[in-house]
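Following: one structure in structure tokens, then a few remarks.
The values are calculated or read from the model by the stated rules, or taken from the named source; none is laboratory data. Remember, it's a predicted structure, so these values are computed and weren't measured experimentally. Note: ideal-geometry Cβ built from the backbone for every residue, glycine included; neighbour counts use all protein chains shown. Heavy atoms of the whole protein, side chains included, go into the accessibility calculation; ligands, DNA and RNA do not. Shrake-Rupley method; radii C 1.70, N 1.55, O 1.52, S 1.80 Å.
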Amino acid sequence: MTDLRTFIAGLPKVELHVHHVGSASPRIVAELAARHEGRSPVPADPQLLADYFAFRDFAHFIEVYLSVVDLIRDQEDVWILTHEVARELARQQVRYAELTVTPYSHVRRGIPAPAFCEAIEDARKRAAADFGIELRWCFDIPGEAGLPAAEETLRISLDERPDGLVSFGLGGPEIGVPRPQFKPYFDQARAAGLRSVPHAGETTGPQTVWDALRELGAERIGHGISAAEDSQLLAYLAERQIGMEVCPTSNVRTRAVARIEEHPLPRLIEAGLLVTINSDDPPMFGTTLDDEYAVAARLLDAGPAQVADLARNAVTASFLDPAGKQRISAEIDAYLAATRG
Ligand SMILES: [Zn+2]
């Protein structure tokens, strides 16, 4: 029997909640910074970058995040970021990932929407050929930028409609950004066939999750951990098997949860929810998807079989086609059987 950490490293996985810019590792940022040396405050030296990235607090995370957004200045930067993020996911045996992309931030900084979409699409196809990973996109509204950002994100989604686009999201802070105001945008996105995946119940209570479900037609919930405080909501989510995109380390880093030992993951599992494990902004939170599976296993006192169940949940909750789901599930089954052998 291999140890659990080794088991997780080899387990075929699906990642459903990871941000495009937030996935930029120091190695990727060094490459982007070198392209813009002297025109950015971000160091291009990998050692200096490791210090620059060392997580201090939430304000520091925002600062690092925005400085990386500022490094994405042309189509080539978008392509490099996307292709390299895919490489790092594939290294962790991620077979399929839905990346949350915020086109509004890049378009506002001067990359035209068609050029942006062309770059991510080209990188997506190359990543499939180079690393054997399938990428899909969730275009999300940066909630803090309000309704103009919602309008622009919807327009880009519907006008450009890149092949890999499967869902419409809502990110950024929850406090002071009520979900219901975004209903008209989600209505239009859903009418056009995009799936609804807003962040909700990360830093605010269960009402935000109810709002996401009732007002935005949420088919999966980004985070959603405060659902644990509302037994009616837990029953609702369990009955409909709404996918929950849980990102344990992120919740501690942003102080949504005080200590990892207090994380509500076990409660969500006990209530029968379709829980998936994800990494959110992994290098910026000092984590990886493998680390998040290890954290979840510890919280749940889980062995390989239950860890494999978490990976299967992500397959089930994904927007992959049935044949793709079947293929990855079979891979997970075969892997579990082989490690038991
Ligand atoms: Zn997120």
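Sorted into 5 angstrom bins from 0, the C-alpha pair distances of region 136-265 split as 2, 11, 22, 23, 19, 13, 7, 2, 0, 0 percent. For region 130-193, averaging the sequence separation of C-alpha pairs within contact (under 8 Å, six or more residues apart) and dividing by the residue count gives a relative contact order of 41 percent.
For the Cα trace of region 263-328, dividing Rg by the Kirkwood Rh returns an Rg/Rh value of 0.98. The Kirkwood hydrodynamic radius of region 147-191, based on inverse pair distances between different Cα atoms, is 11.3 Å.
With coordinates expressed along the principal axes, the C-alpha atoms belonging to region 1-156 extend over 53, 35, 28 Å, beginning with the largest.
Rg over Rh of region 17-79, using C-alpha atoms and the Kirkwood radius, what does it come to?
We get a ratio of 0.93 for region 17-79.
Distance between the 7 Å Cα→Cβ label points at residue 37 and residue 122: 2.4 nm.
Computed from backbone phi, the HN-Hα couplings of region 191-201 come to 4, 8, x, 8, 8, 9, 9, x, 6, 6, x Hz, rounded to whole numbers (Karplus: 6.51 cos²θ - 1.76 cosθ + 1.60, θ = phi - 60°; Gly and Pro given as x). Under 5 Å from the amide H of residue 141 lie the amide H atoms of 169, 170, 171, each residue being 5 or more positions distant or on a separate chain, with H modelled from the backbone and absent for Pro and chain starts.
Of the listed peptides 109-117, 208-216, 330-338, what is their order by residue-averaged count of other C-beta atoms within 10 Å, with the highest listed first? All intermediate terms of the calculation are to be shown ahead of the outcome.
Values: 109-117: 16.2, 208-216: 22.4, 330-338: 14.3.
In decreasing order of mean packing, 109-117, 208-216, 330-338 become 208-216, 109-117, 330-338.
In order along region 324-333, phi translates into HN-Hα couplings of x, 4, 4, 5, 6, 4, 5, 5, 5, 4 Hz, rounded to whole numbers, per the Karplus curve 6.51 cos²θ - 1.76 cosθ + 1.60 with θ = phi - 60° and x for Gly and Pro.
For region 173-308, relative contact order (Cα pairs under 8 Å, six or more residues apart, normalised by length) works out to 18 percent. Across the accessible surface of region 4-339, with the other protein chains kept in place and a 1.4 Å probe, carbon and sulfur atoms take up 50 percent. Assign one of three labels to region 216-257, namely rounded, prolate or oblate, based on the Cα gyration tensor with a ≥ b ≥ c the square roots of its eigenvalues; rounded applies when a/c is under 1.5, prolate when it is not and a/b is larger than b/c, and oblate otherwise. Because a/c hits 1.5 or more and a/b exceeds b/c, region 216-257 counts as prolate.
One quarter of the surface of the convex hull around the alpha-carbon atoms of the chain equals 16.0 nm², the direction-averaged projected area.
Relative contact order for the chain using alpha-carbon pairs under 8 Å, separation at least 6, rounded to a whole percent? Could you put the intermediate results ahead of the total?
Details: 610 pairs, mean separation 67.5, N = 341.
Across the chain, relative contact order equals 20 percent.
Would you kindly calculate the mean projected area, averaged across all directions, of the convex hull enclosing the Cα atoms of region 102-198, in square nanometres? Before the final figure, lay out the partial values.
On the way: hull surface 24.8 nm².
Result: a mean projected hull area of 6.2 nm².
Summed over the residues of region 4-339 and divided among them, the accessible surface reaches 38 Å² per residue at a probe radius of 1.4 Å. Taking a straight Cα-Cα cut-off under 26 Å and skipping sequence neighbours fewer than 8 places away in the same chain, the lysines within cross-link reach of residue 125 are 13, 325.
Each residue of region 245-256 was assigned a 3J(HN,Hα) from its phi angle through the Karplus curve 6.51 cos²θ - 1.76 cosθ + 1.60 (θ = phi - 60°); the sequence is 8, 8, 10, x, 5, 3, 5, 7, 4, 8, 6, 5 Hz, with glycine and proline shown as x.
Counting only DSSP beta bridges with both residues in the chain, the antiparallel share comes to about 0 percent. Using alpha-carbon positions, what is the distance between the centroids of region 113-185 and region 195-230, in Å? About 18 Å separates the Cα centre of region 113-185 from the one of region 195-230.
For region 182-341, the calculated P(r) over all alpha carbon pairs, in 10 Å bins from 0 to the bin holding the longest distance, is 11, 37, 37, 14, 1, 0 percent.
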